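Starting off with a structure, shown below.
The values are calculated or read from the model by the stated rules, or taken from the named source; none is laboratory data. Treat the numbers as computed from the prediction; the structure is a model and nothing was measured. Reconstructed Cβ throughout: ideal geometry from the backbone, glycine too, with neighbour counts over all protein chains shown.
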């Protein structure tokens, strides 16, 4: 048999395309008439019939056997003329005209039954039912999890805005780990963002407390012997402290190492969590200095802090510091190329060079890698080494 001639597997491949896009399952579930699938067959040309009649007979026999008495598909025939053997009736088209035929052709009948079970389970919950119909194969992959998914959906939907923590979920068979593992699906069912934070805030559940960690000067009047605090962001916002200056450091080791300014404080910014610092209302009247890693993300965090505190100045984020520590450079695994609009001209020029790899491949200099004597000199001379905000 010629490899060019259509086989039963080729017919199944044509039908499988309609299965793969979910349209067959969706049409079946909604009671739509079956969308007949006709597959034109590639068979022997009239001139080939006489060349190898046995091969032609084998091809016809395979197609006939493949239809399993029309359980999988029906065959339509056409008359083909041959020079030496007259006119012959050969299969010209395979037709799948019912859902059972499609399921049998693809061997998916057990999966269809499981999908029907899922639909029966969720039918009383329109948002869930609608999602299952829109994403039949995803729903089918989750077949064994649906009783617990539905229980989680019902509990979470009923507790919107309750400020309860996810840990308090009491849905049958559901624990925190299950809910977190299936967060993307539950978010889609509930119509909230799928990120960890977006999921919780979108449902109005309890948010894990946000702590701001800071080291303070004795001159701020806090009870002795307190020198370091980890305070909830909302409580720190209400705390009456009036530092004259604040140094915000991106990384923890740097935060722990730098000296605390007189009548001031050092705050651990924790990278992109710097928003918590920016939201502190009393920071608006404080001299703020930021020290981040010398890489694209360090400048992105500085730019972000300035959305809250536009008067923020930077320290040790300059070209001189970067070039003086060339032997300590690392590689930025995932550099950002975001358009940053709140950098000074010097900061922006260096950021552009880092983004464009003008100094090397994905260059970064972490805070911890800067020579400490270099740091002490620049911090002691902060009035001359600090770069002001863009004007």
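In segment 166-191, how many are outside any helix (DSSP H, G or I) and on the phi < 0 side of the Ramachandran plot? Break it down stepwise before answering.
Of the residues in segment 166-191, the ones outside any helix (DSSP H, G or I) are 169-175, 182, 191.
Checking the rest, the ones that are also on the phi < 0 side of the Ramachandran plot come to 169-172, 174-175, 182.
Number satisfying all stated conditions: 7.
Could you list, in sequence order, the residues of segment 118-152 that are more than 28 Å from the chain's Cα centre (by Cα), exposed (fewer than 13 other Cβ atoms within 10 Å of the Cβ) and in a helix (DSSP H, G or I)? Working first, answer last.
Looking only at segment 118-152, we keep the residues that are more than 28 Å from the chain's Cα centre (by Cα), and these are 120-121, 123-124.
Checking the rest, the ones that are also exposed (fewer than 13 other Cβ atoms within 10 Å of the Cβ) come to 120, 123-124.
120 - this is the single residue of segment 118-152 that is more than 28 Å from the chain's Cα centre (by Cα), exposed (fewer than 13 other Cβ atoms within 10 Å of the Cβ) and in a helix (DSSP H, G or I).
Can you tell which of 121, 156, 133 is within 20 Å of residue 196 (Cβ to Cβ) and touching a helix residue (DSSP H, G or I) at 6+ places or on another chain (Cβ under 7 Å)?
Numbers: 121 fails: within 20 Å of residue 196 (Cβ to Cβ); 133 fails: within 20 Å of residue 196 (Cβ to Cβ).
Answer to the selection: 156.
I would also like to ask the following. With the structure loaded, tell me whether residue 179 is surrounded by 15 or more Cβ atoms within 10 Å (Cβ to Cβ) and at pLDDT 95 or above or whether it fails that test.
Yes.
Only helices (runs of 4 or more DSSP H) wholly contained in segment 192-294 count here; list those with 2 or more residues that are within 31 Å of the chain's Cα centre (by Cα) and loosely packed, with under 15 Cβ neighbours inside 10 Å.
Numbers: elements: 196-203, 233-238, 252-257, 275-278.
The qualifying helices (runs of 4 or more DSSP H) are 196-203, 252-257.
Within segment 303-391, which helices (runs of 4 or more DSSP H) (wholly inside it) include 1 or more residues that are at pLDDT below 95 and either in the same structural domain as residue 257 (by TED's automatic domain parsing) or in contact with a strand residue (DSSP E or B) (Cβ under 9 Å, 6 or more places away or on another chain) (or both)?
On the way: elements: 319-324, 345-355, 372-380, 382-385.
So the answer is 372-380, 382-385.
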